Amino acid sequence: MQTFRAVIVLAYLSAGLTAHAETLSLAEANYKEAFTGSAPVSGRVLTGLAYGRAGEHFNTGALRLGLGAERGAGFVCVRVQSQDGLYWSENAYLLPERGEAAPSLEIRTSFAEQLARYRVGQIGIRALAARDCAAADGALVPALTTAPADLTRLSFQLNVSGRRPEARLLPVAGAPLSAACVSLKDSAAVAFNYACDIALPPDLPDDTYRLEVTLRGMTGARTVEHFEVMIARGGLHGS
């Protein structure tokens with residue numbers, strides 16, 4: 001398991017872990033966000049990544065970073081985007097070499113009331129172990145958006161065109177874990193239009209895995225995208 005990239009998980013944690021919680025500081029003075037009808041929409045294929053159990057109202061103030069036993073200095077960039085494309089934020093956070101296992105994030109949103117109107121599944125959270133959210137290197141980290149979360153499911157959102165995408169998680173050993181993907185065409189799908197879900201075996205080791213997404217255009221042309229994904233469930237509180 002990679003020491004830094006394989007341990008970060010964006011998480012809600014129980015109240016017992018939040019006492020005396022460390023808060024990760026923003027890497028830059030300005031908190032970058034917007035809530036507007038003309039907000040820029042990310043062209044990235046993978047818009048959000050989280051452990052399961054959607055349905056509750058989104059609460060940006062409760063977000064945590066769950067760090068495993070190993071921790072190294074660096075940055076983590078977090079992009080939050082609403083499905084309808086009206087809201088986005090993108091900010092990098094400093095990651096000290098040592099600290100508490102469950103640091104919170106310095107969040108300066110001016111739109112907490114608006115965000116609370118969204119359900120968890122209507123918000124995409126894309127966290128990357130890098131200072132720049134558009135960096136080519138770095139692994140994606142799953143969000144935990146409910147407390148407790150369903151750690152047996154890995155959910156992600158895609159922004160794709162053409163035919164229904166296919167996706168699978170590729171373990172180091174063993175058979176690939178296939179995803180079930182459903183279209184969100186009946187919703188205000190601007191930032192992402194497919195929701196996918198993978199069942200995670202309880203004995204799946206914590207590690208960095210490859211997520212393979214296959215896209216097919218209307219003509220049948222096939223494109224394959226790959227993403228590094230950290231699975232670090234040890235010590236997290238799930239259902």
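Give the range 102-149 a look and list any residue that's among the small types (Gly, Ala, Ser), in a strand (DSSP E or B) and under 15 Å from residue 232 (Cβ atoms), or say none. Result: 127, 143, 149.
Looking only at residues of the range 173-222 that are within 18 Å of the chain's Cα centre (by Cα), of a type in the set (Gly, Ala, Ser) and surrounded by fewer than 18 Cβ atoms within 10 Å (Cβ to Cβ), we find that the one that is farthest from residue 142 (Cα to Cα) is 180. Hey, does the range 147-157 have a residue that's surrounded by fewer than 19 Cβ atoms within 10 Å (Cβ to Cβ), of a type in the set (Lys, Arg) and more than 22 Å from residue 123 (Cβ to Cβ)? Among the residues of the range 147-157, not one is surrounded by fewer than 19 Cβ atoms within 10 Å (Cβ to Cβ), of a type in the set (Lys, Arg) and more than 22 Å from residue 123 (Cβ to Cβ), which makes the answer no.
Determine if the range 132-151 includes at least one residue that is at pLDDT 90 or above, over 22 Å from residue 51 (Cα atoms), touching a helix residue (DSSP H, G or I) at 6+ places or on another chain (Cβ under 8 Å) and not aliphatic (A, V, I, L, M). Within the range 132-151, not a single residue is at pLDDT 90 or above, over 22 Å from residue 51 (Cα atoms), touching a helix residue (DSSP H, G or I) at 6+ places or on another chain (Cβ under 8 Å) and not aliphatic (A, V, I, L, M).
The values are calculated or read from the model by the stated rules, or taken from the named source; none is laboratory data. Quantities reported herein were computed from a predicted structural model and do not represent experimental measurements. Ideal geometry is used to build each Cβ from the backbone, glycine not excepted, and the neighbour counts take in all protein chains shown.
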